[in-house]
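**Student:** This is the structure I have questions about; it appears just below.
The values are calculated or read from the model by the stated rules, or taken from the named source; none is laboratory data. None of the values given here were measured: they were computed from a predicted structure. Neighbour counts run over all protein chains shown; Cβ positions are idealised from the backbone, glycine included. Note: accessible area is taken over every heavy atom of the protein model, side chains too, but ligands, DNA and RNA are not part of it. Shrake-Rupley method; radii C 1.70, N 1.55, O 1.52, S 1.80 Å.
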Amino acid sequence: MVKTTAKTLGVTALALALAASLVLILSTQVSRAATITVDSLDDTTTAGDNDCTLREAIANANADGDTTGGDCDAGTGADTIGFGVTGVITITGGTLRITDDDTTINGDVGGVAGEPDIEVRYASGTIGDGLIEIASSNNHIEGLAVTNSSEIGIYIDGNGQESDSNTLKNNWIGVDLTGAPRGNGTYGVYIWH
């Protein structure tokens, strides 16, 4: 005769619960931040052309998915946008707008440490308030030269939305990659909070 006690049943139930929890933990896919690498100096959004542009990388980071037909890696949350190219991105499509929290753009990719290797230079297109607009929180913009905007170079837009804890580091505002002046229309950086 098998004698079952409440203590034995309790231990068995606990062991089964722990085993089920372990299976659940091991089967759950962990969400990791994406690194999205820009490999083109163009300012286009042609899905499926095998070029990942800065505009497309920002779109994927904002969408936490792929809006580019596979040109750029999909955004997944806290995304880092890096560069596999150096030089000048001539903006013809208007404002580059960051709307998702926790996005890093790092244009300091291998030249002199602390100096930009990517220039974002306005040429045409409709600019809202800034060439680069940040309308979200906890973003980090580093190593960009931001030039020639008809309005503001970098605009942190907290007007009616939360836009806190954003960091700008080692950016050249109104100075191109050669060190020559290329001012922005009204302000280099403007924070509306």
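**Student:** So how much accessible area does Arg55 have, in Å² to the nearest 10, using a 1.4 Å probe?
**Tutor:** Answer for Arg55: close to 40 Å² accessible.
**Student:** In addition: At His193 and Ser150, where each label point lies 7 Å from the Cα along Cα→Cβ, what is the point-to-point distance in nanometres?
**Tutor:** Using points 7 Å along Cα→Cβ, the separation is 3.0 nm.
**Student:** Further, regarding this structure: Taking 0.36 nm per residue of separation and subtracting the Cα-Cα distance, what length does fully extending Thr178 through Thr45 add?
**Tutor:** 45.1 nm
**Student:** Shifting gears a bit: Once the Cβ-Cβ distance between Glu115 and Asn138 is put in as r, and R0 is 30 Å, what FRET efficiency do you end up with, to the nearest 0.05?
**Tutor:** 0.75
**Student:** Only Lys, Arg, Asp and Glu count, each charged at its Cβ (+1, +1, -1, -1), so figure out the dipole size of the range 48-193 about its Cα centre, rounded to 20 debye.
**Tutor:** That gives the range 48-193 a dipole magnitude of about 560 debye.
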